[in-house]
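Asks: Handing you a structure now.
Throughout, read-outs are computed from the coordinates displayed, never taken from laboratory work. From a predicted model like this one, the values you see are computed outputs, not experimental measurements. Cβ: placed from backbone, ideal geometry, glycine included. Neighbour counts: every protein chain shown.
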Amino acid sequence: MKIERQARRPYRMSSRAQAAEKTAERIVDAAVDLFWQHPADDISLDEVARQAGVTVQTVIRRFGGKYGLLAAAAERETERVSRQRGEAPVGDISGAVRNLLDHYEELGLPVLRLLAQEDRSAALRELADRGRAVHAQWCERVFAAALAGLGGTERARRLAQLVAVTDVVVWKLLRHERGLSRRQTELALVELLQPLTGDA
């Protein structure tokens, strides 16, 4: 009997750990969903807990509070966006711009809302900085040919131009302020990029 109890204990502990992990995932799912819909200041732990089907104390115990939770949600979203952006083809401007707009059409407006709030907390500022780093790395990868052979300040200037032209603010200007369709926005970005990449 004692041996049976000992054999079952690791299984119970494993099941408990799995249940705790699933609970944490539900909490982060709820936080991500709310984060992309509302300003960070408007998100309450009560609402996160309600949407995740747990108590506020469970959220606090697991993540330490609102900004600990937002940091965990930010890390997961950064990884997801990095994977999606990683699918962009190298050396194909049109393909890269389509990949970029897939991201901006889904999350462009929430990202702009985040950028407007980044000075309100260290967690939001860190998330914004991560996003900027992901975007710069994306530009370095997909436009590698346009950067090849350049060095020093010339390379830095060209990379800055590529980052600026493909920034979410330019997408907002073309798509929402000037009212271009997605297809026309793609064409506009390709035309802006061609002089920088040397592509016809």
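Asks: Once you place label points 7 Å from the Cα toward the Cβ at E21 and Q184, how far apart are they in nm?
Replies: Going by the 7 Å Cα→Cβ label model, 4.9 nm.
Asks: Treating only the Cβ atoms of Lys and Arg (+1) and Asp and Glu (-1) as charged, compute the dipole magnitude of region 71-174 about its Cα centre; round to the nearest 20 debye. Don't skip to the answer; put the middle values down first.
Replies: Details: 15 positive and 15 negative charges, 32 e Å.
Using Cβ point charges on Lys, Arg, Asp and Glu, region 71-174 gives about 160 debye.
Asks: Would you kindly state how much longer the chain becomes between Q137 and V169 on full extension, computed as 0.36 nm times their sequence separation minus their alpha carbon distance, in nm to one decimal? Before the final figure, lay out each step's value.
Replies: Numbers: separation 32, 0.36 × 32 = 11.52 nm, distance 1.76 nm.
The span from Q137 to V169 would gain 9.8 nm if fully extended.
Asks: Please state the relative contact order of the chain as a whole percent: Cα pairs under 8 Å, 6+ residues apart? Mind showing how you got there, number by number?
Replies: Working: 155 pairs, mean separation 36.5, N = 200.
Relative contact order, the chain: 18 percent.
Asks: Of all the C-alpha pairs in region 45-125, what % are more than 21 Å from each other? Provide the component values of the computation, followed by the final result.
Replies: Values: 1503 of 3240 pairs.
Of all Cα-Cα distances in region 45-125, 46 percent exceed 21 Å.
Asks: Label points 7 Å out from Cα along the Cβ direction at L115 and A160: separation in nm?
Replies: In this crude spin-label approximation the distance works out to 1.7 nm.
Asks: Also, quick follow-up: Would you work out which of A116, V163, L127 lies farthest towards the positive end of the dipole of region 86-200? Charges go on Cβ: Lys and Arg +1, Asp and Glu -1.
Replies: Working it through, the farthest residue towards the positive pole turns out to be A116.
Asks: Under Stokes-Einstein, with the Kirkwood radius over Cα pairs standing in for Rh, what whole-number D in µm²/s applies to the chain at 25 °C and 0.890 mPa s?
Replies: Working: Rh = 19.3 Å.
Translational diffusion coefficient: 127 µm²/s.
Asks: Quick one, can you get me the convex hull of the C-alpha atoms of region 86-200 expressed as volume per residue in Å³? The partial results should precede the final answer.
Replies: Values: hull volume 12.2 nm³, N = 115.
Cα-based convex hull of region 86-200, divided per residue, equals 106 Å³.
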